[in-house]
Structure formats: C-alpha cells, structure tokens
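The values are calculated or read from the model by the stated rules, or taken from the named source; none is laboratory data. Nothing here was measured: the structure is a model prediction, and the numbers come from that model. No Cβ is skipped: glycine too gets one built from the backbone with ideal geometry, and neighbour counts run over all protein chains shown.
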Amino acid sequence: MDAGPPSDAALLARLRHRLDPSLLRLRLGIESEGEQPVFGHGRSFPFLERMVSFETAVRWLLKATLLYERGRRNALRVGVTRNVLRLPRLPAAFEGYTVLQISDPHLDASPLFPDLLADRVSQLDYDLCVLTGDFRYRTAGSMQPALAGLARLRRQLRGPVYGVLGNHDSIHMAPAIEDMGIQLLLNESVALHRGDDVLYLAGVDDPHYFRTDDLARACRHIPADACALLLAHSPEIFRQAAHAGFDAMLCGHTHGGQIRLPGGIALTLNANCPRRVCSGGWQHAQLQGYTSVGAGSSVLDVRFNCPPEVVLHRLVRG
C-alpha cells in the first residue's frame, strides 16, 4: 500500500542539510495555503489578469470556433529542438556533450501523455538528461498521478538524470522523485567528470511562486573559474545567474505562451522578466540561456502556433 507523502517533520529531517531549513519551512507554509493562482504574477496582458476565469473563457471561445480539438492534437505533437550552447570556458573533454532538457511535462494532465512523451525520447542520443520542473498539472491535490507518470518517463531515460522543482510541484514529491533515480538540485551543485576535466551543474528551487531559490548556496562549491550550467524552473533570475558567473542557464515555466497569435505573439507568458528571455535561446552578458516552451500543457490542454518540445543542447567551445 502507498504510504503517501512524508510528513513535514520527516521532510525537515531528510532535507535539512540540503535545502536551507528556513526556505524549506517557507515552501511548506505556502504549500499549506492550497491552490495557487496561475495568472497574475508577470507578463500577462492586464485584461486577461482581470478575467474571472481565463481558462473557462478561452475554452469556450475555442469550442465556439471549432478550434478546441485541433489545439488538443497540437499539444500532443512533441517535437525535438536542437540547440547549440557556445561556452568559451567549456573543458575540452566536454566538446560535443549533449544535454536533453525536458521541461513542464505536467504528466497528470492526460493519461495518454506519459507514454507518448516516454516514447518520444526513447530513441534520442544524449549524455545527460535534465528536468526543469512542473511535473504536476494542478498546484494542489494528489501527487500520485504525476509521480506515476514521471516513473513511466524515467524508465526511458538513460544515464544520469538531474532536475529541479517547479511552481506546480510540491516539496513532498522530492523523496519519491529521488527514489526513481532522479537527483534533485535543491540550491545545490554537482561535478560532472570526463577524464581530468570537470563541468559543474547547479540547480535552484522554484524562483517564480515560492521564491525559494538561493544562488549563493548553489554556487558555494563551484570554483570561480569553472564552467557551470544552471537549472532553474523560470528565467526570472537570468540577471542574477549572469552576474553569479554561470556560463549557461536552462529553464522553462513560460510554455512560450502556449497559445500564440499569428506571428508568434504570446497572449501571456506569466513571468516577471523581458519577453526576449521567455522562449528559445537568448544571451545576457556572458550567459547563454535557453527557455524551453515545454513538453506539456498547463491550464488548457491546447497549443496554437507554439508546438511542445524537448530540447537537445549540444555544448561546444567558442
């Protein structure tokens, strides 16, 4: 029988040496308040933020225009995007190293989606897989469907897998996720070795809703002259990441808008940062960044002019 999520006391005991206890208590306290508002935290158009129910209004509009089923089909067509990260400090042994990024799968949104996504990534060739958060569809309620979907996906992922939690995810999910062989980076870093060369990978907890990210703690074991990649659920800390000395940042959260007007104009991005860093590749100072539009869908299970993706990042010196 499923023992259910660990108690707050058990979590504090298990994670207290990894996630700062004050941040852990902060996250637990905010989670205890229940379902979070999905819109109203950033780059939404004001008239959308004032709607009583954005989800209901858009769903009704799509059904009225007979576009709803087309949008649902679009949401299941997960593509593979190939991106090159040119990193001047990349160690020679990591030339051509490939990182698979899966972001925002929202694995409990549809019973079909975990199998579909698992099949999509099963034949890809990569050295490392990173998951940039939002495994769950809702922001409260049962975690088990999302965890079951993640377990199905994990069986098709090869080699080491690292991840961070998103604003839809509960910290109570952390033990079950790590028991699957996915190492979460809770304001932490790890050293990746190839021969005598080392590449550092750091990850922070959700910087969007919970605001429990701690870059200083994530950086504390990374030498100042080392090449380092950062995982964050949202791009909202891109300036801090750049000036903390990271070479690249991989994130998600925005879904690229998920529903875009012709010409690629997103109705909402829901992130407190410039639109230029809210989807695809970007650069700020020396920091190379990529914000995935996500593999899954949130709020509505539809996509228009913004196809879902998983991303293969190829690291090169340059």
Given the conditions (1) in contact (Cβ under 8 Å) with a residue 12 or more places away in the chain; (2) surrounded by fewer than 17 Cβ atoms within 10 Å (Cβ to Cβ); (3) assigned to a strand (DSSP E or B), every one holds for residue 272 apart from (3)
The range 163-244: strands (runs of 3 or more DSSP E) wholly inside it with 1 or more residues that are surrounded by fewer than 24 Cβ atoms within 10 Å (Cβ to Cβ) are 188-194, 197-203
Only unsatisfied item for residue 291, checking (1) closer than 16 Å to residue 104 by Cβ; (2) surrounded by fewer than 24 Cβ atoms within 10 Å (Cβ to Cβ), is (2)
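Take the residues in the range 65-99 that are touching a helix residue (DSSP H, G or I) at 6+ places or on another chain (Cβ under 7 Å) and under 20 Å from residue 252 (Cα atoms); name whichever of them is surrounded by the most Cβ atoms within 10 Å (Cβ to Cβ).
The extreme case among them is 78.
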When you check residue 11 against the structure, is it at pLDDT 75 or above, buried (at least 16 other Cβ atoms within 10 Å of the Cβ), assigned to a loop (DSSP other than H, G, I, E, B) and on the phi < 0 side of the Ramachandran plot, yes or no?
no
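Conditions (1) within 19 Å of residue 72 (Cα to Cα); (2) in contact (Cβ under 8 Å) with a residue 40 or more places away in the chain; (3) of a type in the set (S, T, N, Q), marked per residue:
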| site | (1), (2), (3) |
| --- | --- |
| 240 | no, no, yes |
| 249 | no, yes, no |
| 261 | yes, yes, no |
| 281 | no, yes, no |
| 299 | yes, yes, no |
| 304 | yes, yes, no |
| 308 | yes, yes, no |
| 316 | no, yes, no |
Scanning the range 288-312 residue by residue, the ones that are under 27 Å from residue 245 (Cβ atoms) and either modelled with pLDDT under 95 or out of contact with any Lys or Arg (no Cβ under 9 Å at 6 or more places or on another chain) (or both) total 4
For the structure I just gave you, tell me whether residue 2 is among the acidic types (Asp, Glu) and modelled with pLDDT of 85 or more. no
